[in-house]
1. Return yes when Gly99 is modelled with pLDDT of 75 or more and at positive phi and no when it is not.
2. So, of the residues in the stretch 185-215 that are assigned to a loop (DSSP other than H, G, I, E, B) and touching a Leu at 6+ places or on another chain (Cβ under 8 Å), which turns out to be surrounded by the most Cβ atoms within 10 Å (Cβ to Cβ)?
3. Return only the number of the condition from (1) in a strand (DSSP E or B); (2) without any contact (Cβ under 8 Å) to a residue 60 or more places away in the chain that Trp166 does not satisfy.
4. Does the stretch 123-140 include one or more residues that are touching a residue at least 12 places away in the same chain (Cβ under 8 Å), in contact with a Gly (Cβ under 8 Å, 6 or more places away or on another chain) and within 17 Å of Arg92 (Cβ to Cβ)?
5. Can you find a residue in the stretch 141-161 that is basic (Lys, Arg) and surrounded by 14 or more Cβ atoms within 10 Å (Cβ to Cβ)?
6. Could you give me the residue pairs with C-beta distances under 8 Å whose first residue belongs to the stretch 42-69 and is more than 16 Å from Met137 (Cα to Cα) and part of a helix (DSSP H, G or I), whose second residue is at pLDDT below 90 and of a type in the set (D, E, K, R) wherever it lies, and which are 6+ apart or on separate chains?
7. Can you spot a residue in the stretch 141-153 that is in a loop (DSSP other than H, G, I, E, B), over 14 Å from the mean Cα position of the chain (by Cα) and touching a residue at least 40 places away in the same chain (Cβ under 8 Å)?
8. Is it the case that the stretch 181-193 has a residue that's within 18 Å of Ser18 (Cβ to Cβ) and touching a Pro at 6+ places or on another chain (Cβ under 8 Å)?
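The values are calculated or read from the model by the stated rules, or taken from the named source; none is laboratory data. These numbers were taken from a predicted model, which means no experiment stands behind them. Backbone-built Cβ (ideal geometry, glycine too); neighbour counts: all protein chains shown.
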Amino acid sequence: MLQSTPVRGPVRPRDAASVLIWREHAQGLQVLMGRRGSRARFVPGVYVFPGGVLEPHDRVLSARMGVHPLVPSVGLGGSETLARALACAAVREVHEETGLQLRAVVHADDTAEASALPDLSALRFLGRAITPTNSRMRFHARFFAAPATSFMGELAGDGELSDLQWVDLDNPARLPMVDVTELMLSELAQLLSGAPHYPPLLSYSGDRPRLRRFP
C-alpha cells in the first residue's frame, strides 16, 4: 500500500531587520551595501544592506530602552518591546557586518543606573517584506534608514558581507539585487525627498509580488 507524503505548510517567517545607512555625496545620495557570499543559504551573490535575524539578546538590550517613535508602524500589533528589539537587531548586525557602530545616548533604568545605549532615535522606518510562502527559508524583514553621521568607526566587518561599498540609489553599476532591495532604495529616495511616505509591505501570492502601504 502506497503511503502519502505528509503535506507541510509554509515555513514560518523569522523576524529580521536591516538598516539603509545613507550619505550625501557629489553624485547624490549613496547607501552602504555589501555582497552576500556565493555559498550563502539565502539569496547568495547579491548586494544587500547590513542586517540579519532577531536574536534573544536583542530583546534583553531593548528592554533597557525607552519607547521609540517607530513603534506604531513596524507591523507588530503595537508591541513596543518587539519593535525596539528589531531596531536593536538591525544596529547590532550593522556593527558585526560593517564595523560601524550607532552612536550612543545615556539611558537611566529603574535602578537609577545610567548606561550608554544605541540612540535608536536616529532610525527611520522604511518598510517591510515577507519572503514568499514557497521558499524554504522565510523572513519577515523590517527596513530602517539612518544617516552615516549617526554611526562611528571604520568599515571592516566580520566577512559575512564582502565588497562593502557606497552605492548610488539608482545603482548605475547594475549590481545584482533582489526586488525588495530595489524597492527599499526607491523608498529611501522618497522618504528623504520630504514627500509623504507610507511604509510598504511587500508580500507574495505564490511568486507574484503584492505591495500594500500603511499610514
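1. Details: modelled with pLDDT of 75 or more: yes; at positive phi: yes.
Against the criterion (modelled with pLDDT of 75 or more and at positive phi), Gly99 qualifies.
2. First, the residues of the stretch 185-215 that are assigned to a loop (DSSP other than H, G, I, E, B): 194-199, 206-207, 214-215.
Right, trim to touching a Leu at 6+ places or on another chain (Cβ under 8 Å) and you get 197, 199, 214.
Details: His197: 18, Pro199: 21, Phe214: 12.
Among residues in the stretch 185-215 that are assigned to a loop (DSSP other than H, G, I, E, B) and touching a Leu at 6+ places or on another chain (Cβ under 8 Å), the one surrounded by the most Cβ atoms within 10 Å (Cβ to Cβ) is Pro199.
3. So the condition that Trp166 fails would be (2).
4. So far as the stretch 123-140 goes, no, none of its residues is touching a residue at least 12 places away in the same chain (Cβ under 8 Å), in contact with a Gly (Cβ under 8 Å, 6 or more places away or on another chain) and within 17 Å of Arg92 (Cβ to Cβ).
5. Let us first name the residues in the stretch 141-161 that are basic (Lys, Arg), namely 142.
Keeping just the survivors that are surrounded by 14 or more Cβ atoms within 10 Å (Cβ to Cβ) gives 142.
Looking for residues that are basic (Lys, Arg) and surrounded by 14 or more Cβ atoms within 10 Å (Cβ to Cβ), one finds at least one in the stretch 141-161, hence yes.
6. As it stands, the answer is Ser62/Arg84, since those pairs meet every condition given.
7. Just the residues of the stretch 141-153 that are in a loop (DSSP other than H, G, I, E, B), to begin with: 153.
Narrowing the set further to residues that are over 14 Å from the mean Cα position of the chain (by Cα) leaves 153.
Cutting the leftovers down to touching a residue at least 40 places away in the same chain (Cβ under 8 Å) gives us 153.
Yes - at least one qualifying residue is present in the stretch 141-153.
8. Step one: filter the stretch 181-193 for residues within 18 Å of Ser18 (Cβ to Cβ), giving 181-192.
Still in the list and also touching a Pro at 6+ places or on another chain (Cβ under 8 Å): 183, 187.
Among the residues of the stretch 181-193, at least one is within 18 Å of Ser18 (Cβ to Cβ) and touching a Pro at 6+ places or on another chain (Cβ under 8 Å), which makes the answer yes.
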